[in-house]
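The values are calculated or read from the model by the stated rules, or taken from the named source; none is laboratory data. Keep in mind that this is a model prediction, so the values were computed, not measured. Quick reminder, even Gly has a Cβ in these numbers, built from the backbone with ideal geometry, and neighbours come from all protein chains shown.
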Amino acid sequence: MDFDTDILIAGGGPAGLSAACVLGSAGHRVTLVDPAPPASGEEAADADLRTTALLQPARDLLEAAGAWDGIAAHGTELWTMRIVDAAAEPPVTRDFEARDMGDAPFGWNVPNPALREALLSRAEALETVDLRFGTAVTGLLQRTSGARVTLSNGTRLRARLVVACDGRQSALRRLAGIGARRVDYGQTALVFAVAHDAPHGNVSIEVHRTGGPFTLVPLEDRDGRPCSAVVWMDDARAQKDRMTLEDAAFAAEVNDRSAGVLGPLTPITDRAAWPITSQLADRLHGRRLVLAAEAAHGMPPIGAQGLNTSLRDIATLRDLCARGDIGSDAMTAAYARARRGDVTLRMTGIDILNRTSIAAMLPARALRARGVAALHDIAPVRRGLMRLGLGVS
Ligand SMILES: Cc1cc2nc3c(=O)[nH]c(=O)nc-3n(C[C@H](O)[C@H](O)[C@H](O)COP(=O)(O)OP(=O)(O)OC[C@H]3O[C@@H](n4cnc5c(N)ncnc54)[C@H](O)[C@@H]3O)c2cc1C
């Protein structure tokens, strides 16, 4: 079969764009398709308010692909992870220091619009990468000799390998007849940014009190004021009510919940709500197809494992593609074998951590009785996850 492209990537989110940068800079002919427009900046009405903490292995991968400098320009280094049990009297604090594990930070926190724009700009600069936004994959024919992909504009493309990075509702997964198991935790994460007078000191702070964890992650200063991104996890019904609160009432709840760890907080962006679920595809490969990123696995936003795990998928793909025989049955099976264990391990770790947090979602009185014990329950799991994130063990 003559091929129009070596690798067709479905999905131009952060994972698909990273895959295009990594595989394109390795010299493979890549075509990326996505029905959405290329990128929306931070000011757009539909801007993604999330930030992503990228860990060291992610930095190494994206640096080798020539994409890191643009990302680092908007990244804030994370040197300390602090857990505060604000329900204890007096509050108990535990710090985990990156310096205890090496001379680099745990990671870099980057606003998602800046991350996407940096990846897009690197992908656009690569002659090997053909970006087709405004086009969806609508059909897939999987043959031993190659994959035939139909796009929403009627175009047909022949590819050696199709990489599904088309998100949790993956059309490619469905077209390939691969199911997925989903767990709904009944929680929602509220996401927004806050300004504060106290400097964040490159410390990420997870506050436990009543309800789920409230996490402040350092951002670049805005208008001369220190800022942090907030991920506030709690029961879905309580979060639905908070989404509709007037600004002043919302700010009061935010300040009450943060327990003053960074002094008074001023919300400076809209709020976005993300349901907390986890999801794992039944298989990570099919003929001429691999599932990557959230098309393959999704997990709650704790421990910064989501996109970082997806970037490990992409590193594995890069290594397997370098051996040649792109898209063969042996190659796609090797991908699935290499990724299944690591993905399952990370998902299990996050599930335990999240269930531990949910178990701590007790009324303040009960949580106080648990006091430091609640914190100790979480700390060893957290430490293990940090080591996983750093690739230390
Ligand atoms: C609150 C929150 C905080 C988070 N924080 C972190 C963090 O600190 N660190 C971390 O590592 N991860 C974090 N994550 C996870 C991370 O944000 C996600 O893993 C990541 O954004 C998902 O990217 P993706 O490219 O896999 O999927 P998506 O962004 O969903 O992209 C999928 C793309 O596929 C396209 N598409 C859909 N259908 C088709 C089709 N038929 N054909 C072609 N394309 C199609 C869509 O238009 C979309 O652009 C967080 C998540 C949440 C919710």
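What to note about this one:
Each row is one residue, and each column tells you yes or no for (1) at pLDDT below 95; (2) small (G, A, S); (3) surrounded by fewer than 19 Cβ atoms within 10 Å (Cβ to Cβ); (4) assigned to a helix (DSSP H, G or I).
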{"position": "A295", "(1), (2), (3), (4)": "no, yes, no, yes"}
{"position": "P301", "(1), (2), (3), (4)": "yes, no, no, no"}
{"position": "A333", "(1), (2), (3), (4)": "no, yes, yes, yes"}
{"position": "I352", "(1), (2), (3), (4)": "yes, no, yes, yes"}
{"position": "A373", "(1), (2), (3), (4)": "yes, yes, yes, yes"}
{"position": "A379", "(1), (2), (3), (4)": "yes, yes, yes, yes"}
{"position": "G384", "(1), (2), (3), (4)": "yes, yes, yes, yes"}
{"position": "G389", "(1), (2), (3), (4)": "yes, yes, no, yes"}
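- Qualifying positions in segment 312-330 - touching a residue at least 12 places away in the same chain (Cβ under 8 Å), out of contact with any Phe, Trp or Tyr (no Cβ under 9 Å at 6 or more places or on another chain) and of a type in the set (D, E, K, R): R312, R318, D329
- Selected residue (only one of V149, V162, V110, V137 is within 14 Å of the ligand (Cβ to nearest atom) and within 18 Å of the chain's Cα centre (by Cα)): V110
- Condition check for F96 on (1) within 11 Å of the ligand (Cβ to nearest atom); (2) not in a loop (DSSP other than H, G, I, E, B): one failure, at (1).
- In segment 1-26, the residues that are at positive phi form no Cβ pair under 7 Å with any partner that is modelled with pLDDT under 95 and near the ligand (Cβ under 9 Å from one of its atoms), whether six or more places apart or across chains.
- Test: residue in segment 118-127 that is among the acidic types (D, E), away from the ligand (no atom under 15 Å from the Cβ), under 28 Å from T269 (Cβ atoms) and without any contact (Cβ under 8 Å) to a residue 40 or more places away in the chain: yes
- Within segment 115-161, the residues that satisfy the criterion of being of a type in the set (S, T, Y) and not in a loop (DSSP other than H, G, I, E, B) are S121, T138, T150.
- Single match in A249, A259, A315 (criterion: touching a Pro at 6+ places or on another chain (Cβ under 8 Å), away from the ligand (no atom under 12 Å from the Cβ) and closer than 19 Å to W232 by Cα): A259
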